[in-house]
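A short worksheet on the structure shown next.
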Amino acid sequence: MNYKEFDLRGDSALVYFCENDLKDSCIVAIPRWNWSFFMDYNISLEDEKPMLINTLTQKLNHQDAEDLADKLYNFIFNN
């Protein structure tokens, strides 16, 4: 399990990433929000990103949700 601290609405929170053994999916969680998202690497980014943004808009405005989604994808696929 990995974690990274991200800036969220001028505050920071730890985001946890738990990848499965096959390296084909990951659970992204922000415990502080009681929030998580199952990211399936077999689903195209174009199809999955809107779903991620939609779940993030429960806690953030749309623009902040888009920005955080980009940060999450960058962290997952570049580490």
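List of remarks:
- PHE75 vs. criteria part of a helix (DSSP H, G or I) and either in contact (Cβ under 8 Å) with a residue 12 or more places away in the chain or among the β-branched types (Val, Ile, Thr) (or both): yes
- In the condition set (1) without any contact (Cβ under 8 Å) to a residue 60 or more places away in the chain; (2) on the phi < 0 side of the Ramachandran plot, PHE6 is compliant with all but (1).
- Selection within segment 1-40 - within 16 Å of ASP70 (Cβ to Cβ) and charged (D, E, K, R): LYS4, ASP7, ARG9
- Residues of segment 20-63 satisfying the condition of being in contact (Cβ under 8 Å) with a residue 40 or more places away in the chain and within 21 Å of ASN2 (Cα to Cα): CYS26, VAL28
- Within segment 5-23, the set of residues being at pLDDT 85 or above and under 13 Å from PHE77 (Cβ atoms) comprises PHE17, GLU19.
- Any hit, segment 53-70, residues being touching a Phe, Trp or Tyr at 6+ places or on another chain (Cβ under 7 Å), outside any helix (DSSP H, G or I) and surrounded by fewer than 15 Cβ atoms within 10 Å (Cβ to Cβ): no
- The number of residues in segment 3-52 that are among the small types (Gly, Ala, Ser), part of a strand (DSSP E or B) and out of contact with any strand residue (DSSP E or B) (no Cβ under 6 Å at 6 or more places or on another chain) comes to 0.
The values are calculated or read from the model by the stated rules, or taken from the named source; none is laboratory data. Given the structure is predicted, the values throughout are model-derived calculations rather than measurements. Cβ coordinates were reconstructed from backbone atoms using ideal geometry, including for glycine residues, and neighbour counts include every protein chain displayed.
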